[in-house]
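The values are calculated or read from the model by the stated rules, or taken from the named source; none is laboratory data. Quick caveat: nothing in here was measured; it's all calculated off a predicted structure. No Cβ is skipped: glycine too gets one built from the backbone with ideal geometry, and neighbour counts run over all protein chains shown. Ligands, DNA and RNA are stripped out before the accessible areas are found, and what is left, the full protein with its side chains, is counted by its heavy atoms. Shrake-Rupley method; radii C 1.70, N 1.55, O 1.52, S 1.80 Å.
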Amino acid sequence: MSTGNVRRSQLVTPFGVGAMSVLVNGTSVITAGLDHWYEVGDVSELAIEEYIEHDWRLEARLRVKEFRLPPDYRFQGSGQDRRNVKLMVPVLRFPRWCFCLYCKRLELSTLTMQQNVKCLDKQHADQPYRPRMSQVPFVTMCSQGHLDDFPFDKWVHRSHSPNCSGVLRLTSRGGGGLEGQVVKCEGCDMERPLRGITEWRRGSHGEEHTTLTDGLSSTGEPFLCTGARPWLGELEGTCGEPMRGALRAAGNVYFPKVESSIYLPRREGAVSAELHDLMRRPNVGPIMRVLYEANKEAVTVEQLRQYLPNELFAPISDEELMSGFSDFVGLGEEPPETTREAESEILTGDDEWRYPEYLHIRELPKDDFLTATDPNVHSELQAHFGRVRRIDVLRETRALRGFSRVRDGVLRLTEGKALLRRSILSPDQDWLPAYVVKGEGIYFELEPRKLASWEARAEVNERADKIMQHYGRVIMERGLQNRRLTARFVMLHTLGHLLVNELVFTCGYSSASLRERLYVSNTPGHQMTGLLIYTAAGDSEGTMGGLVRMARPELLRSVLVSALRNARWCSTDPVCMEAGKRGQGPDSCNLAACHGCALVPETSCEEFNRFLDRGLVVGTFDDPTLGYFSDLDLA
């Protein structure tokens, strides 16, 4: 039986539903849908309340009842407690095609095959052991998120319905590309290289054409997607989009769509973290849920105390108990809209979505889930920063709402959810996999008068427009939603990267453990100019205190000055600064930014290392005064 271990957070991203991974024994598998994530065996029982998490804002945004942590595997319970024992996330063997490393024979296995596939070719008849077959590295996919096995039999015979059923072999003829990989049929002696299976082009009317779709059949009949969703056990469906080949480990095979939220309490300080932990206990949460279902909004504090364990809730005040109950069952929330139009639209980074976080963080909240203090801004930085906040405690929820393939474009909410399970659930029953990060951070806010003066400069906007021009070509090519990339966004985004790269040397965290969150908007009524750098680790590492310590005025000035000083000269300059004039990096959407100066791990960046430019932060060689911080004394 093929099994493997991954961290629970990795089952949200990067190995969530529909993603392929490789187990320790070399088996390539695809993470199955949510339909069977919490199935228990005969010797255990399910206590689902242990995995339930709530974030009232994110639940309303994604129109779900709750979030669930991925199950953790427990070999045995404690004493007689058999709850949640041996829970596993199911995976299926994919790709199904396997080939022998010795005789190159191709065989098609099943999704549910649990043991290693053995080669049954007659060439191995005299050997004491049949050699193990390896899975092929090729798959096919379409822009609607579907995934399928590569059609070796159809490709080599140039037919949608080949008559020959001879043995297929995948041989290598040398060469560094796919042209050296050849499929051969022994039944009819036909052979065909895999040249061009990953290639595609745009037609005269913007339609997509792929070599696999247009060139598979000798009759000219296109080879279109069948709508296969192997992670749900469905090998056929309805689609009709063009198909393209890909290596199973290629970066465009899986783009997880993850929504995140900084937890904001409904009423600051009303519910303690201890009460939240109590409500998650198996002898508390179900009771609250039953009382709510039976009485809805008529539940009283006397009823709660009558049915809840008195020894646990005696120290809790009546007011806090009722506030905790309202939080737990969602009292006071507006019911989610259920029209198809309302369900389908959602955009990550919406101005309206982050604006409440922006307001809350900058006003010194004091709660068990979000606490901020004012360390004061160093006198030498007051001309550039209006606020600095030390975030001692924060709680972030990250939920998987779907995924895309081929390109990382806009994904409607209903379409993303439909890829996660076989049947759609109603909002009052729906849930999504998520994990919770508890950590610390530093919040920066630009000085508004200095920012307005800097943004009014024509040369500043002209440089930012270069990135917008490059991204405009990407929008047209991929059909993405249009967005405006302002100078303040590029500058603040680049500043975040520079600070992350500098903080890793001073605060004790690795670069992959730090993350940025941008609060940038020019929308009337939702103007924002903030940057939050916080810990992204999903365990106790996120609260070591090393990051918030750097918010002290003297220490923060030292970090900022060092980051800006390093940004003035990259280790690859003058190449980095000069190449930036023409665009570089992902989609050519960076100017002066490379791995030597401003790039960070992609898990730390909200924009996948795009829209960066040191020139707008510290100036360029041609115009040293261009940057927002060009006038800061770095001595």
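Residues checked against (1) at positive phi; (2) in contact (Cβ under 8 Å) with a residue 40 or more places away in the chain; (3) not aromatic (F, W, Y):
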| position | (1), (2), (3) |
| --- | --- |
| D153 | no, no, yes |
| S165 | no, no, yes |
| L168 | no, yes, yes |
| G180 | no, no, yes |
| C185 | no, no, yes |
| C188 | no, no, yes |
| G203 | no, no, yes |
| G206 | yes, no, yes |
| S218 | no, yes, yes |
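Return yes or no: is Q135 touching a Lys or Arg at 6+ places or on another chain (Cβ under 9 Å) and within 29 Å of H209 (Cβ to Cβ)? Don't jump to the end; show me each part of the working.
On the way: touching a Lys or Arg at 6+ places or on another chain (Cβ under 9 Å): yes; within 29 Å of H209 (Cβ to Cβ): yes.
Here the answer is yes, as Q135 does meet what is asked.
Go through G16, G4 for me and flag whichever is assigned to a loop (DSSP other than H, G, I, E, B) and more than 17 Å from the chain's Cα centre (by Cα). Before the answer, list the steps.
On the way: G16 fails: more than 17 Å from the chain's Cα centre (by Cα).
Among G16, G4, only G4 is assigned to a loop (DSSP other than H, G, I, E, B) and more than 17 Å from the chain's Cα centre (by Cα).
Please tell me if L547 is touching a strand residue (DSSP E or B) at 6+ places or on another chain (Cβ under 6 Å) and over 18 Å from M468 (Cβ atoms).
Considered against the rule, which asks whether it is touching a strand residue (DSSP E or B) at 6+ places or on another chain (Cβ under 6 Å) and over 18 Å from M468 (Cβ atoms), L547 comes out as yes.
Take residues that are open to solvent by less than 20 Å² (accessible area, probe 1.4 Å) and out of contact with any Ser or Thr (no Cβ under 6 Å at 6 or more places or on another chain) and tell me which of the strands (runs of 3 or more DSSP E) falling wholly in segment 19-89 contain 3 or more.
On the way: elements: 20-22, 28-31, 66-68.
Answer list for segment 19-89: 28-31.
Which numbered condition trips up T625, out of (1) touching a residue at least 12 places away in the same chain (Cβ under 8 Å); (2) β-branched (V, I, T); (3) more than 24 Å from R517 (Cα to Cα)?
Status for T625: all satisfied but (1).
Taking the condition within 30 Å of P242 (Cβ to Cβ) and β-branched (V, I, T), does T414 pass? Give the steps one after another, and end with the answer.
Details: within 30 Å of P242 (Cβ to Cβ): yes; β-branched (V, I, T): yes.
So T414 fits the description; yes.
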